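Some notes on the structure that comes next.
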There are 2 protein chains.
Amino acid sequence: MSDTPNAGLPPQAEVVFDCHGDATGKMRNDLVVHMREPMLEGPFELATDEGPFHGGDASAPPPLALFVAGLTGCIMTQIRAFAKRLDVTLDDLSVDCRVAWDWTAKGRIYETAPKSFEIDVDITSPDAEEAVVALINAAKKGCFLEQTLGVANTINHRMKTPDGWKAG
Amino acid sequence: MSDTPNAGLPPQAEVVFDCHGDATGKMRNDLVVHMREPMLEGPFELATDEGPFHGGDASAPPPLALFVAGLTGCIMTQIRAFAKRLDVTLDDLSVDCRVAWDWTAKGRIYETAPKSFEIDVDITSPDAEEAVVALINAAKKGCFLEQTLGVANTINHRMKTPDGWKAG
C-alpha cells in the first residue's frame, strides 16, 4: 500500500464483478469471474458442486461455502487494509464466521430465509483496545459484503427467450 | 435425486455454514469452511488474496470473486434441483451475473455500498416458456443467497479481549 492510500483514485468509483456460469456435471457449475471496474482482474476460475445427498459428485465446494468464505475473507481483507491506514499493528488475525438459514419444505420444493450472521474477530495487537475497536468499525463500513448484507437488495433477472431477453 | 424430494427431511430445518480464516500472506487469507447443519460436509479449503494494487500477491481470487461465484452457483444449483422436481427438462443452462458496488473515499479509508445485481438466465428446454418461468421463480425463492440479499440482515460481531469475547 502506498503512504497516501486512496491516492490516484477518484473520490468515488464503481466496483464491478461479473461471473459466467456453465452447468457441467450432474450438479457442478463451472464459473469464470472477472473484476471489470475500476480495473480488469481475472479470470478467476471457480466451481461449485453438491454432495451425493443433493445429487452431485462433491467435486467442488457448495455455493454457500464460497459465500461464507467470501464474507470471511472480505472482512479480514478490510481489517488488514485499514490497519495500515489507521496505524494499528496487527501481529495476528483470525476470524470465525457462522451463518444460519431457515429451510422450509413447500410441497415438492422448498423456500429459504437467512437466520443469523455471527463474526468473531481475534486480533493480536500491541495497540490500545479502543484503536482495535475503531479499526473493526471502519472495516465493517469498508467491507463490501457486510454493507451488502445490511440492506435489502433488488436483484434484476432476465431470461433468454426466442424473442430476446425478457425481464423476470 | 429421489422421486419424493424432501422425503426423510423434517418440514423445517436449519442450514448452518461456518468458516475459520487465518491471515497468512501479505493480504492472503486461508479459509476452512464446513457445513454443520443439517449434516456435516467439508472441510472445504479456500483462500482469498488481492492483486498488487491492493498490496497482495494475487495468489487466490479476491473475496468478491468468491461471493459472485457463490451467488451464481446458488441460483444455478436451485434451477437444476427444482427442474427435476417441477418436471422441466434442462438441455442446457448458463447464467451471467453482474454485481456493482459504489466506492467512496473517506479520508484515509473508504466506504462501500451495493449498487446493482443483475442475473441473466439462459435455459435451453423443450418445455413451454411458462413452465421455465415458473421454474426460475421457484428457484429464486429456494436460492439461499438471493433470499439473503433481498432482506436487511443484522451481522453480530464479537471481538476477543483479555476479558473474553466482547460484542461489537
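The values are calculated or read from the model by the stated rules, or taken from the named source; none is laboratory data. It should be emphasised that the depicted structure is a prediction, and the values quoted were computed from it without experimental measurement. Don't worry about glycine lacking a Cβ; one is built from the backbone with ideal geometry, like all the others, and counts go over all protein chains shown. Surface accessibility is based on the protein's heavy atoms, side chains included, excluding ligands, DNA and RNA. Shrake-Rupley method; radii C 1.70, N 1.55, O 1.52, S 1.80 Å.
Each 10 Å bin from zero holds the following percent of Cα-Cα pairs in the stretch A:33-96: 17, 31, 32, 16, 4. Given R0 = 30 Å, the distance between the Cβ atoms of A:LYS166 and A:ASN137 translates into a calculated FRET efficiency of 0.10.
For the protein assembly as shown, the convex hull drawn through the C-alpha positions has a volume of 126 cubic angstrom per residue. In a reduced charge model with +1 at each Lys and Arg Cβ and -1 at each Asp and Glu Cβ, the stretch A:39-137 shows a dipole moment near 440 debye about its Cα centre. Ordering B:MET76, A:MET159 by accessible surface, largest first, gives A:MET159, B:MET76; the 1.4 Å probe counts only protein heavy atoms, with every chain in place.
Grab the beta carbon distance between A:GLU45 and B:ALA105, set R0 = 25 Å, and tell me the FRET efficiency rounded to 0.05. The value I calculate is 0.20. The value of relative contact order for the stretch A:16-106, using C-alpha pairs under 8 Å at least six residues apart, is 17 percent. Kirkwood hydrodynamic radius of the stretch B:7-68, from the reciprocal of the average inverse Cα-Cα distance over all distinct pairs: 13.2 Å. Ordered from highest to lowest accessible area with the whole protein assembly present and a 1.4 Å probe, A:ILE123, A:ILE79 read as A:ILE123, A:ILE79. Using C-alpha pairs under 8 Å with a sequence gap of at least 6, the mean separation divided by the residue count of chain A gives a relative contact order of 13 percent. Give, as a single signed number, the net charge of other residues whose beta carbon lies under 13 Å from the beta carbon of A:ALA138, with Lys and Arg counted +1 and Asp and Glu -1. Surrounding charge for A:ALA138 is +3.
For the stretch A:1-140, the Kirkwood radius over C-alpha pairs fed into Stokes-Einstein at 37 °C and 0.692 mPa s yields D = 179 µm² per second. Cross-link pairs exceeding 26 Å between alpha carbons, from the set A:LYS106/B:LYS84; A:LYS106/B:LYS115; B:LYS26/B:LYS115: A:LYS106/B:LYS115; B:LYS26/B:LYS115.
Rounded to 0.05, the FRET efficiency of the A:ALA128 and A:GLN12 pair, given R0 = 25 Å and the Cβ-Cβ distance, is 0.15.
Using heavy atoms of the protein chains and a probe of 1.4 Å, the accessible area assigned to B:LYS26 is about 120 Å².
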